Every structure is written in C-alpha cells, then in structure tokens.
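What follows is a single structure, written as structure tokens, with notes after it.
The values are calculated or read from the model by the stated rules, or taken from the named source; none is laboratory data. Just so it is clear, the structure is predicted and the values come from calculations on it, not from any experiment. Counting neighbours? That spans all protein chains shown, and the Cβs are built from the backbone with ideal geometry, glycine included. In case anyone asks, the SASA skips ligands and DNA or RNA and just uses the protein heavy atoms, side chains included. Shrake-Rupley method; radii C 1.70, N 1.55, O 1.52, S 1.80 Å.
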Amino acid sequence: EKTGTDETTESHIVLNTKLHQPQLTQDLIFREHIIDQLESNLNKPLSLIAAPAGYGKSVTVSQWLEKTKALHTWISLDAEHNNLKIFLIYFQTAIEKVFPDVLHKTGKLISATILPPVNVIIHSLINELDKIEHEFILVLDDYHLIHTESIHQLINGLVQFPPENMHLCILTRKDPPLKLNKLLLQNRITEIRMQDLSFSQEEIVALFQKAFKLNLRDETVVQIMEKTEGWIVGLRMAFLNVKSEEEVTNTISSLRGDMYSITSFAVDDILKKQTPEIQELLLISSVLNRLSA
C-alpha cells in the first residue's frame, strides 16, 4: 500500500475520461423500476450495485443520473487508484468538477509531501463535504478493483458519518470489505443485486423490439428467459445476428445449458462466421507474447 509521495504521485496527471459516466445509446432499455428505487432512497448515504460483469450496472446508474434531481459526479476506478494519494486526487477532482474549490483544506492535505493519517483526511473531507448545500451523488465504478485497506477505511468513514447532502453509489462485481451489515441494520443502504438487474420477460420483449426489430411470441420469450436468466450481455451476444423469430428459435436450441454456455456459443457460432482474415487478426491480438504467472 502506497500512502506517501513517490515519483508517480508527484507527477500524476488526472485522466479526465476516467471522470466520464457511460454514454447512453438509443437501443438501451430504460430500467425504470431500478431508477425509481435508487431515486426514492437518495436520502440514504449509500447505494451498492453489486453483480457480475454484463448485468448493466454502469449503464443503469448512468440512466439514473440522467433522470435524478441531484447533482452528480463519477470516477471509473482501475488499478492505479489503489494508491491512496492518487485515489484522493481523483476524488477531489471529481467533487470539484461540480463544486469548485470546495475541498480547499483537504486538497492541501492531499498535496503534502507525506499524507497525514487517514483519520485526519477523513475528518477534513467530511467537514468540507458537509458544507455543500445541494444534494449530490458520487459514483465509484468498478470498486472491486480496490484492495487498499486505507481506501476502504476512508469510504467506511464517509458512510459512517456521512455529509448531509452526499450520496455515495458503489458499483462492484463483489461485495467490498465495508461495514455493510451495520448499514443494513440501520436501513442506511440501498442494495441492487444480480436478480434485480436481470432482464424480466417484459424487458426481453422490449430489447428484441428495440435492438433487433423483432416481435416475439410469449413461448419464445419464456425459452429465452430460461436459457439466459436475464443476463443482459448474454442476450446481446447470443442473438447478435438474428433476423427472424425462426433464427431466434434455432439459436435457443443451440444453447447447451444455462447463461454461461453463451460465451462458448459466441466462440462456436459468431466467431466462426467471421472471415479468415478477421479470425487471424483476433487470434494474433489475443495471444500474449509473454505471460507472468
């Protein structure tokens, strides 16, 4: 864990695109019931959106941000954010995109040659954030990539004694090591999980109408639901090239089991339909020259 200064943090430049929320496309299905749940619980300090890859976590939250009455800001996390100082630099930058210079005192702590103890930063951060008079949402996307204990300590501090108008939204593939049980007992957290994000039969109907221009029979929709369990990316992958309900039915019969077989199907069916040149390009770009265990 790196908490002090080094060449990386001294010369660090924020990549602004890591502060952009996902762009919404025309063929997306609006998740109204989830958005209503998130919006109605905005008074709670934390929303946890936890599900495996391909369930539309980022897109669903981005849809919410397009509709919410609150101001909002976003950080897409990756490996570099496991450095506490870099995490804090991005945190400050994201907040001050919406509220310029609001973290003036905390910014001085962050820019120090050696970071002060985490508790000092937490107290300064909470005090300055608490002065903000507008409701706002901070989204931390891909939080499962964070494994630095001091960062978890920072986030725990923010949700334990939350600023009055701040709502934290964490998107993750697995539950973070935060004090979630305590928040649940106090009814201070909104949880959205895989079963909530999975497409319903009605949403599958809407997807095929919007993305594939197909109106499916009820029995076909039931079969799709059984095969994919509403896994959004699986649905798009499996039926990427269909042009008719007959092709949909043939695709369903070719799936060999549950949603996880769709990945194999994509290789066997979609990949093999590409030209030899495209297959060769994909092969060359997928094989590593070096591999370190």
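Structure notes:
- Between the helical axis of 118-129 and the longest alpha-carbon principal axis of the chain there is an angle of about 80 degrees.
- Using C-alpha pairs under 8 Å with a sequence gap of at least 6, the mean separation divided by the residue count of the chain gives a relative contact order of 22 percent.
- Exposure rank, largest accessible area first [Lys227, Lys44, Lys174; 1.4 Å]: Lys174, Lys227, Lys44
- Amide hydrogen neighbours beyond the local backbone of Glu191, cut-off 5 Å, H modeled: Leu48
- Helix axis angle, 149-160 relative to the chain longest principal axis, alpha carbon, degrees: 80
- Couplings 3J(HN,Hα) of region 45-55, computed from phi: x, 9, 10, 10, 10, 10, 6, x, 4, x, 9 Hz, in residue order, whole Hz [Karplus 6.51 cos²θ - 1.76 cosθ + 1.60, θ = phi - 60°; x for Gly and Pro].
- For the pair Gln279 and Ser40, label points projected 7 Å from Cα toward Cβ lie 5.2 nm apart.
- Within a straight-line Cα-Cα reach of under 16 Å, Lys210 can be paired with the following lysines, leaving aside sequence neighbours fewer than 8 residues apart in one chain: Lys243.
- A Förster radius of 22 Å, combined with the Cβ-Cβ distance separating Arg290 from His147, puts the computed FRET efficiency at roughly 0.35.
- The relative contact order of region 132-225, computed from alpha carbon pairs under 8 Å that lie at least 6 residues apart in sequence, is 27 percent.
- Residue-averaged [θ]222 nm for the chain, counting only DSSP H segments that reach four residues, each worth -39500 (n - 2.57): -13000 deg cm²/dmol
- Region 1-114 - Rg and Dmax from Cα coordinates, angstrom: 16.5, 48
- Volume of the Cα convex hull of region 45-203, divided per residue and given in Å³: 114
- Contour excess over end-to-end distance, with Cα ends at Lys131 and Glu247 and 0.36 nm allotted per residue: 36.0 nm
- For the chain, accessible area per residue (1.4 Å probe, heavy atoms of protein chains only), Å²: 53
- On Cα atoms only, tilt of 201-211 relative to the major axis of the chain in degrees: 80
- Whole-Hz Karplus values for region 89-96 come out as 4, 5, 4, 4, 4, 5, 5, 7 Hz, taken residue by residue from phi with 6.51 cos²θ - 1.76 cosθ + 1.60 and θ = phi - 60°; glycine and proline positions read x.
- Separation of the Val102 and Leu271 label points, Cα + 7 Å toward Cβ, nm: 4.7
- Per-peptide average of other Cβ atoms within 10 Å, ordering 209-216, 125-132, 275-282, 47-54 highest first: 47-54, 125-132, 209-216, 275-282
- Within the shell defined by Cβ-Cβ distances under 11 Å, the residues around Lys105 carry a net charge of 0, with Lys and Arg each +1 and Asp and Glu each -1.
- The chain - percent of accessible surface contributed by carbon and sulfur, probe 1.4 Å: 53
- Anisotropy class of region 114-153 from Cα gyration tensor, a/c 1.5 cut: oblate
- Reach of Lys105 by Cα under 29 Å, taken over lysines that are not fewer than 8 positions away in the same chain: Lys2, Lys18, Lys44, Lys69, Lys85, Lys97, Lys131, Lys179
- Shown here: Rg and Dmax of the Cα atoms in Å, derived from the displayed model; of the candidates (i) 27.5, 97; (ii) 24.4, 70; (iii) 22.1, 66, it corresponds to (iii).
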